[in-house]
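Here is the structure we will look at, set down as structure tokens.
Derivation of every value follows stated rules applied to the coordinates shown; laboratory data play no part. Just so we're clear, the structure is a prediction, and the values are computed from it rather than from any experiment. Note that we place each Cβ from the backbone using ideal geometry, even for glycine, and neighbour counts take in every protein chain shown.
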Ligand SMILES: [Zn+2]
């Protein structure tokens, strides 16, 4: 599943569509696409894993889910979920979830929890964490209401960087560690973005999909943990369990 930084890259790629008028909107998305015809794109935004194509009176929200893809001025063999045709250009989205939102994005989205937003606010994130003391770290880092944009890679890497065991409970962390976790989630998101742009993301993974802890030189544990049951890679020796 594409994580927040990958959606930021997509947003940047689509920046040139700002100001362009939709000639036709088609696809098998369960949304009234005819509404978009003749409308001009006012902005391309992202919030966490959502891409937002904004118009004056509505916003198209695209979530790429597990296998979503897109093509700019190209077509895949399969039918698109959404195709936006412009005077000269074309945008195609495949296997994704598309929804048209009527409310302004500022009313729907809390930019303060979006890890890559200029408005990201660590104090707000800390407050939200204080409300979920029993949540496991492996679930908290995947919670989009707290860490919007974080996915499984960010989760595994941030827990490793901060020496935190994925089964630690949020409320058992000393304040200093909580703050460190929040800052590292932000920092790693930007590192992810930079490395992804340079096509070197994977080689920088320290824990995700790795077999050996680079700090202790012992095998990593691989397990499907928490409510989310997503793959965790962690070291029982140097990642501390707060329970
Ligand atoms: Zn270790």
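If you fit an axis through the alpha-carbon atoms of helix 4-13 and take the longest principal axis of the Cα set of the chain, what angle between them do you get, 0 to 90°, nearest 10? Around 30 degrees separate the two axes.
Please sort 49-56, 114-121, 68-75 by packing, taking for each peptide the average over its residues of neighbouring beta carbons within 10 angstrom, highest first.
Numbers: 49-56: 20.0, 114-121: 18.0, 68-75: 14.2.
Packing proxy ranking, top to bottom: 49-56, 114-121, 68-75.
Helix 152-161 and the longest principal axis of the Cα set of the chain meet at an angle near 30°. If you take the Cα centroid of region 167-203 and the Cα centroid of region 23-74, the two points sit 29 Å apart. The peptide list 149-155, 230-236, put in order of mean Cβ contacts within 10 Å with the highest first, becomes 149-155, 230-236.
Any chance you could give the angle, 0 to 90 degrees and rounded to 10, that helix 175-197 forms with the longest Cα principal axis of the chain? Once rounded, one gets 50 degrees. For the chain, with a Gaussian network of springs between Cα atoms less than 10 Å apart, report the residue from 208, 217, 163 with the top mean-square fluctuation. Residue with maximal mean-square fluctuation among 208, 217, 163: 217. Helix-only arithmetic for the chain: the sum of -39500 (n - 2.57) across DSSP H runs with n ≥ 4, divided by the residue total, places the mean residue ellipticity at 222 nm at -7000 deg cm²/dmol.
Determine the equivalent ellipsoid of region 3-150 by diagonalising the alpha-carbon gyration tensor, then write out the semi-axes as square roots of 5 times the eigenvalues, largest first, rounded to whole Å.
Working: eigenvalues 182, 52, 33 Å².
In descending order the semi-axes read 30, 16, 13 Å.
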